[in-house]
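Let me begin by presenting the structure, written as structure tokens, before commenting on it.
The values are calculated or read from the model by the stated rules, or taken from the named source; none is laboratory data. Keep in mind the model is a prediction, meaning the values are calculated, not measured. Glycine also receives a Cβ, built like all others from the backbone with ideal geometry; neighbour counts cover every protein chain displayed.
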Amino acid sequence: MTAPRKIIIDTDPGQDDAVAILLALASPDELDVLGLVAVAGNVPLALTEANARKVCEVAGRPDVKVFAGCDRPIAQPLLTAEHVHGATGLDGIDLPAPTMPLQAQHGVDFIIDTLRAEPPGTVTLCTLGALTNVATAFARAPDVVGRVAELVMMGGAYFEVGNITPAAEFNIYVDPEAAAAVFASGVKITVASLDVSHKALTSRDWVAGMRALGTRVGEVVAAWTDFFERFDTAKYGSEGAPLHDPLVIAWLLRPDLFTGRQVNVEIELEGRFTRGMTVADWWGVSGRAANAFWLGGLDRDGFYALLSERLARL
């Protein structure tokens, strides 16, 4: 049997981040979660690090190490998304304050130290929010870049355009300088953008199935989904809401559920209307070398079947 893949989850929970974390923790045969690193994004850092610990406790995994990373983007003020996720970031159900500890080490130092300690090419970075922590780690310790097995990220958009500005997706827009640095780093990157997450809409049947599990995890996931669905169904006029971040973990577990292609991705930093845009050269017209695998297609039913089967384990 193959040893589980070692991953670090960099996250700003967020209901969909929380479901992604649960999916990873429900898959120990495939994924060894070395730690969670919180970043400011959907809500400020004090909330994202507490939320990360709350999610671990919901999963019955208070042993998971949680670190606090950067509390602001590299070059601009922090933009948050309480309008989507609620004042706590995990609105929808009241969760108790976490009792498991926050690790004393800074999250960026944890990323650096872990990449140096583990054999080269064995640690995958899973980013569910702004890329501030990873870009900071790469800038502070360039030797670790070549040690990363792969960076799988939720962020960006091309065909689905932006969700926070007309051109930019939220995670990239929060810290476009960090995103630009990561895409220029040479690390192997897989991108789960809005192009694929908008094919991963929730359904009332799936939410009912979560509730019908009769478990704490099922109850919590159903309540979270009920909350954030309201925003997206009003915005997009869709039946359900895109479940963005769990696609990162699903890619590691079941890459056969996805299609995509190698493309060049550049981050727009200077555009008057397009700052934070992920310019994905889907048709290969720029002549620039490919630097990312851009996910475009998804077996939606297969994805939700995977999610249901794994979350039922917790």
Checklist entry - Quick check: is even one residue across segment 89-96 free of Cβ contacts under 8 Å to residues at least 60 places away in the same chain, surrounded by fewer than 23 Cβ atoms within 10 Å (Cβ to Cβ) and more than 27 Å from Ile172 (Cβ to Cβ)? => result yes
Checklist outcome for this item: If we keep only residues of segment 180-204 that are closer than 20 Å to Gly302 by Cβ and basic (Lys, Arg), then the residue surrounded by the most Cβ atoms within 10 Å (Cβ to Cβ) is Lys199
Next on the checklist: I'm trying to understand the selection: among the residues of segment 15-72, which are small (Gly, Ala, Ser), touching a Pro at 6+ places or on another chain (Cβ under 8 Å) and more than 23 Å from Leu252 (Cα to Cα)?
Outcome noted: Ala40, Ala50
Item to check | Which numbered condition Ser308 fails, given (1) surrounded by 18 or more Cβ atoms within 10 Å (Cβ to Cβ); (2) over 27 Å from Ser185 (Cβ atoms) | outcome: (1)
Checklist outcome for this item: Residues of segment 195-204 being of a type in the set (D, E, K, R) and not in a loop (DSSP other than H, G, I, E, B), in sequence order, are Asp195, Arg204
Checklist outcome for this item: Going through segment 233-246 in order, the residues found to be part of a loop (DSSP other than H, G, I, E, B) and either of a type in the set (Val, Ile, Thr) or within 30 Å of Ala26 (Cβ to Cβ) (or both) are Ser238, Glu239, Gly240, Ala241, Leu243, His244, Asp245
Checklist outcome for this item: The strands (runs of 3 or more DSSP E) lying entirely within segment 247-294 that contain at least 3 residues which are touching a helix residue (DSSP H, G or I) at 6+ places or on another chain (Cβ under 8 Å) and either modelled with pLDDT of 95 or more or more than 30 Å from Ala305 (Cβ to Cβ) (or both) are 265-267
Next on the checklist: Out of Val220, Val207, I need the residue that is in a helix (DSSP H, G or I), surrounded by 23 or more Cβ atoms within 10 Å (Cβ to Cβ) and of a type in the set (Val, Ile, Thr). Which one?
Outcome noted: Val220
Checklist entry - Before we move on, is Arg230 basic (Lys, Arg), without any contact (Cβ under 8 Å) to a residue 40 or more places away in the chain and in a helix (DSSP H, G or I)? => result yes
Checklist outcome for this item: Note on Gln76: of the conditions (1) closer than 21 Å to Leu243 by Cα; (2) surrounded by fewer than 16 Cβ atoms within 10 Å (Cβ to Cβ); (3) polar (S, T, N, Q), unmet is (1)
Checklist entry - Of (1) touching a His at 6+ places or on another chain (Cβ under 7 Å); (2) farther than 24 Å from Gly302 by Cα, Pro242 satisfies all except one. Which? => result (2)
Checklist entry - Which one is nearest to Ile189 (Cα to Cα) among residues in segment 134-150 that are touching a helix residue (DSSP H, G or I) at 6+ places or on another chain (Cβ under 7 Å) and not in a helix (DSSP H, G or I)? => result Val148
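Mind telling me which of the residues Thr259, Thr233, Thr274 ends up being touching a Gly at 6+ places or on another chain (Cβ under 8 Å), under 25 Å from Leu131 (Cα atoms), surrounded by fewer than 22 Cβ atoms within 10 Å (Cβ to Cβ) and of a type in the set (Val, Ile, Thr)?
Thr259
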Next on the checklist: So Val152 passes all but one of these: (1) within 14 Å of the chain's Cα centre (by Cα); (2) surrounded by fewer than 20 Cβ atoms within 10 Å (Cβ to Cβ); (3) aliphatic (A, V, I, L, M). Which condition number does it fail?
Outcome noted: (2)
Checklist outcome for this item: Selection from segment 249-259 of residues closer than 16 Å to Gly297 by Cβ and touching a residue at least 60 places away in the same chain (Cβ under 8 Å) yields Ala250, Trp251, Phe258
Item to check | Enumeration of residues in segment 33-80 that are touching a Lys or Arg at 6+ places or on another chain (Cβ under 6 Å) and under 17 Å from Ala97 (Cβ atoms) | outcome: Val66
Next on the checklist: Filter segment 35-92 down to the residues that are under 25 Å from Asp113 (Cα atoms) and of a type in the set (Val, Ile, Thr) and list them by number.
Outcome noted: Val37, Val39, Thr48, Val55, Val64, Val66, Ile74
